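To start, the structure itself, in structure tokens.
The values are calculated or read from the model by the stated rules, or taken from the named source; none is laboratory data. All figures in this text were calculated on a predicted structure; none of them were measured in a lab. Cβ coordinates were reconstructed from backbone atoms using ideal geometry, including for glycine residues, and neighbour counts include every protein chain displayed.
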Amino acid sequence: MAEFSGSPSGEGRRVAVVASRFNDTITTRLADGALDALVRHGVAAADIDTIWVPGAWELPAAVRRALDSERYDAVVALGAVIRGETPHFDYVAGEAARGLAQASADFAVPVGFGLLTCDTMEQAEARAGGAHGNKGWDAALAALEMADLFDQLDVPDAD
């Protein structure tokens with residue numbers, strides 16, 4: 001019985017980090033965490049492209065364009081949507097998440113999900129290098145692990 005499990009190995013990989021500028025005090029820290037994780041896990045700095053978009057709503061379109069280029073082994077999507085007084089949060093957070101999942105499925109390339117959806121700025125701060133770690137780092141590791149897993153699954157049986 002075969003068993004497969006990826007490891008966050010970045011050596012020889014090319015990765016795009018697509019980050020939202022909206023709530024930039026949070027997203028800049030998420031991007032810093034993702035870049036740190038990628039480099040520490042073997043991705044050469046020259047093989048990482050950072051793409052900034054206006055907000056979380058624009059993340060799926062930019063990720064799709066990056067994947068369409070066929071330059072990347074993985075993408076890390078980063079953003080922060082903070083709940084406000086209107087239902088805007090629900091539309092942006094839900095559709096951005098759906099769009100990122102669809103992009104990964106359509107292109108069969110891992111998309112690390114680093115889109116924070118928080119009720120308060122304090123919750124976002126805790127997840128961007130605070131008490132709950134850095135979700136940018138976590139999303140980058142997940143993307144690398146999935147890229148490695150996909151590589152393993154792409155190797156034909158030796159039978």
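How do the pairs read when you match residues in the stretch 67-89 that are over 21 Å from TRP52 (Cβ atoms) and at pLDDT below 95 with residues anywhere that are of a type in the set (A, V, I, L, M, F, W, C) and surrounded by 21 or more Cβ atoms within 10 Å (Cβ to Cβ), using Cβ under 6 Å and keeping only pairs 6 or more apart or on different chains?
From the stretch 67-89, the pairs are PHE89/VAL81.
Test of understanding: among ALA61, ALA93, ALA45, which residue is at negative phi and within 14 Å of the chain's Cα centre (by Cα)?
None of the other options fit; the residue is ALA61.
Among the listed residues ALA103, ALA93, identify the single one that is surrounded by 20 or more Cβ atoms within 10 Å (Cβ to Cβ), at pLDDT below 95 and not aromatic (Phe, Trp, Tyr).
Only one candidate passes the filter, namely ALA93.
Could you grab the pairs with beta carbons closer than 9 Å, sequence gap of 6+ or different chains, first residue in the stretch 109-137 and in contact (Cβ under 8 Å) with a residue 12 or more places away in the chain, second one part of a strand (DSSP E or B) and of a type in the set (Phe, Trp, Tyr)?
Close Cβ pairs (under 9 Å, with a partner that is part of a strand (DSSP E or B) and of a type in the set (Phe, Trp, Tyr)) amount to LYS135/PHE113.
Filtering the stretch 117-140 down to residues that are surrounded by 21 or more Cβ atoms within 10 Å (Cβ to Cβ) and within 11 Å of the chain's Cα centre (by Cα), which residue is nearest to ARG13 (Cα to Cα)?
ALA140
Go through the stretch 96-115 and count every residue that is among the small types (Gly, Ala, Ser) and more than 15 Å from the chain's Cα centre (by Cα).
Number of matching residues: 0.
What's the total number of residues in the stretch 11-28 that are assigned to a helix (DSSP H, G or I) and buried (at least 21 other Cβ atoms within 10 Å of the Cβ)?
Of the residues in the stretch 11-28, 2 are assigned to a helix (DSSP H, G or I) and buried (at least 21 other Cβ atoms within 10 Å of the Cβ).
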